[in-house]
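Colleague: Please find one structure pasted underneath; my questions will follow.
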Amino acid sequence: MKRHRLRRLCCLALALALAALPGCGGRESVPQTEYTRYTVQFYDTFDTVIQVIGYTETQEEFEGYADAIHNRFIELSRLYDRFYEYTGINNIRTINLNAGIQPVEVEEEILDMLEFAKEWCEKSDGRVNIAMGPVLEVWHGYMAAYAGTTVEPGPGVLPTQEELEAATAHTDLSKVIIDREAGTVFLEEEGMMLDVGAVAKGYAAQVVADEIYEAGFHSFIISAGGNVVTKDPPLDGIRDSWGIGIQDPFADPNDPSATSLDVVFVENLSVVTSGDYQRFYMVGDRRIHHIIDPETLQPADRYRSLTIVTDDSGLGDFLSTCLFVMDYEEGRALAEELGVEALWVFPDGEVTYTDGLLPMLRDRGGATAAIGQ
Ligand code: ADP
Ligand code: MG
């Protein structure tokens, strides 16, 4: 429970920082347009805060879209939930409970997301593995037990390597059977467990953004706890892109006045960050966070944060986790091969990024020219 509260606070701080960015505009900066900027936040899905900022002609219009967005996030977060069951719904938890027993009939949204995730997990050579649930569950237990111990030196305890290795016994991705025709998902071995935490939230954010755009809402951003999707430029009559703050991993996450590491200017792109600063506990001076390197079975410690800019927030979410556990050269080569932009923050504070990102970055001198200011 404490962990949830802390996480919400962190996410709230991020959301507020985002809202406060000059790049996100404000009502006072919209003199010659019929559109007004509105915002809404909700806190009851994906264990995070979801913020919508958008421009519409009337408040009613915005509220209609905001309700639809909220309802869709509720549906998707229930479907992708691995902790709780909901009456009348087969979700990720139902699939896990039926591991080694029987295939589970699921909604299209689950089939789509799992097919997407499985395909990318295969391409990642096992660095991201949605079938690694049993290992992640071990870490999750320790994380929950020491939630809130974020001071240094922390009193937290680590799982033993034996405990972690034992948990790898049933983590074979090829035994996740997705049957499109039957509309079912089956985990072939007892003891298997899906964990879609690396991809589901970003995937859902893209689904919701695409659907509401189709429904007529243009000019908005949806920020789902570190996963931001942007659609069309802000209709303020001034700017041609949205300014999205990249959280500074070295700043206090509970300090709403903390400045961003940089601001990336985008439209019709997503900006997704994975970091070690939101979900963690301290063991002595060691920060134990939630992104696990399958090779060591330990939290990946190459970077403080990793940001991906791409046109699909499902892919952005996947890749932000994936590159977080890859070494720099390999990760950079992968980003370049896929044509996505990436920004790495190293533990010593060094920041590097792909060449294509520079024109979008405010504080590194690129964005000013790009947006003509
Ligand atoms: P967040 O959910 O905080 O935005 P990420 O997108 O990076 O962060 O996802 C982290 C989550 O992904 C973890 O909480 C865990 O559920 C899951 N996870 C961590 N490491 C891996 C991994 N190597 N492969 C698959 N899933 C992972
Ligand atoms: Mg991710």
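Colleague: Placing one identical point scatterer on every Cα of the chain and ignoring solvent, what is log10 I(q)/I(0) from the Debye formula at q = 0.08, 0.11 Å⁻¹?
Modeller: -0.39, -0.76
Colleague: Then there is this: Per residue of the range 219-234, in order, report the coupling 6.51 cos²θ - 1.76 cosθ + 1.60 (Karplus, θ = phi - 60°) as ³J(HN,Hα) in whole Hz, putting x for Gly and Pro.
Modeller: 6, 7, 10, 10, 10, 10, x, x, 10, 10, 10, 10, 10, 6, x, x
Colleague: Using R₀ = 56 Å, calculate the FRET efficiency as 1/(1 + (r/R₀)^6) where r is the Cβ-Cβ separation of E190 and T58; round to 0.05.
Modeller: Details: r = 55 Å, r/R0 = 0.98.
For E190 and T58, the calculated efficiency is 0.55.
Colleague: Sticking with this structure for a sec: Read phi for every residue in the range 289-299 and hand back ³J(HN,Hα) as whole Hz from Karplus 6.51 cos²θ - 1.76 cosθ + 1.60, θ = phi - 60°, with x for Gly and Pro.
Modeller: 10, 9, 10, 9, 7, x, 6, 9, 6, 10, x
Colleague: Further question on the same structure: Out of residues 5 or more away from R279 or on other chains, whose amide H comes under 5 Å of its own, with H placed 1.01 Å from N in the peptide plane?
Modeller: When sequence neighbours closer than 5 places are left aside, the close amide H contacts are H290.
Colleague: While we're looking at this one, here's another question. When a/c reaches 1.5 or more, the comparison of a/b and b/c decides; with that in mind, is the range 182-319 rounded, prolate or oblate per its Cα gyration tensor?
Modeller: On the way: a/c = 2.85, a/b = 1.21, b/c = 2.34.
Cα axes put the range 182-319 in the oblate bin.
Colleague: List the trypsin sites (Lys or Arg not before Pro) in the range 228-334 that DSSP assigns to loop (not H, G, I, E or B) and whose Cβ has at most 12 other Cβ atoms within 10 Å. Which are they? Display every interim value, and only then the final one.
Modeller: Numbers: sites: K231, R239, R279, R286, R287, R302, R304, R332; in loops: R239, R279, R302, R304.
Answer in residue order: no site qualifies.
Colleague: Sticking with this structure for a sec: Suppose R0 equals 25 Å; then what is the FRET efficiency for N268 and E34 from their Cβ-Cβ distance, rounded to the nearest 0.05?
Modeller: Details: r = 22 Å, r/R0 = 0.88.
After rounding, the FRET efficiency stands at 0.70.
Colleague: In addition: Pulled fully out, how much extra length does the chain show between T150 and Y86, if you take 0.36 nm times their separation in residues and subtract their Cα-Cα distance? Don't skip to the answer; put the middle values down first.
Modeller: Details: separation 64, 0.36 × 64 = 23.04 nm, distance 3.26 nm.
The T150-Y86 span can extend by a further 19.8 nm.
Colleague: Given Cα pairs under 8 Å that are at least 6 residues apart, what percent is the relative contact order of the chain?
Modeller: Values: 752 pairs, mean separation 68.7, N = 373.
Worked out over the chain, it gives 18 percent.
Colleague: Would any residue of the range 246-265 have its amide N under 20 Å from a label point 7 Å out along Cα→Cβ of E350? List them or say none.
Modeller: Zone members listed by number: 248-251, 261-262.
Colleague: Give the angle, between 0 and 90 degrees and rounded to the nearest 10, that separates the Cα long axis of helix 200-214 from the longest principal axis of the Cα atoms of the chain.
Modeller: Tilt relative to the chain: about 40 degrees.
Colleague: In the range 243-327, what percent of the accessible surface is made up of carbon and sulfur (1.4 Å probe, ligands and nucleic acids excluded)? Let's see the in-between values first.
Modeller: Working: 1100 of 2620 Å².
The computed percentage sits at 42.
Colleague: Between helix 133-145 and the chain, what is the angle of the helix's C-alpha long axis to the longest principal axis, kept within 0 to 90° and rounded to the nearest 10?
Modeller: 70 degrees
Colleague: Something else now. Quick one: what are the phi-derived ³J(HN,Hα) couplings along the range 325-338, Karplus 6.51/-1.76/1.60 with θ = phi - 60°, whole Hz, x for glycine and proline?
Modeller: Result, ordered by residue: 9, 9, 6, 4, 4, 5, x, 5, 4, 5, 4, 5, 4, 7 Hz.
Colleague: Can you compute the FRET efficiency between A215 and E122 using 1/(1 + (r/R0)^6), with r the Cβ-Cβ distance and R0 = 25 Å? Round to the nearest 0.05. Write out the running numbers ahead of the final one.
Modeller: On the way: r = 33 Å, r/R0 = 1.34.
Efficiency, rounded to the nearest 0.05: 0.15.
Colleague: Can you compute the charge dipole magnitude of the range 254-318 about its Cα centre, using +1 on each Lys and Arg Cβ and -1 on each Asp and Glu Cβ, nothing else charged? Give it in debye, rounded to the nearest 20.
Modeller: On the way: 5 positive and 11 negative charges, 63 e Å.
My answer is approximately 300 debye.
Colleague: Let me ask something else. So how strong a dipole does the chain carry about its Cα centre when Lys and Arg Cβ are +1 and Asp and Glu Cβ are -1, to the nearest 20 debye? Let's see the in-between values first.
Modeller: Numbers: 27 positive and 62 negative charges, 248 e Å.
Magnitude of the dipole: close to 1200 debye.
The values are calculated or read from the model by the stated rules, or taken from the named source; none is laboratory data. Predicted model only: the values in this text are computed from it and were never measured. Ideal geometry is used to build each Cβ from the backbone, glycine not excepted, and the neighbour counts take in all protein chains shown. Areas reflect the complete protein model, heavy atoms only, side chains present, ligands, DNA and RNA absent. Shrake-Rupley method; radii C 1.70, N 1.55, O 1.52, S 1.80 Å.
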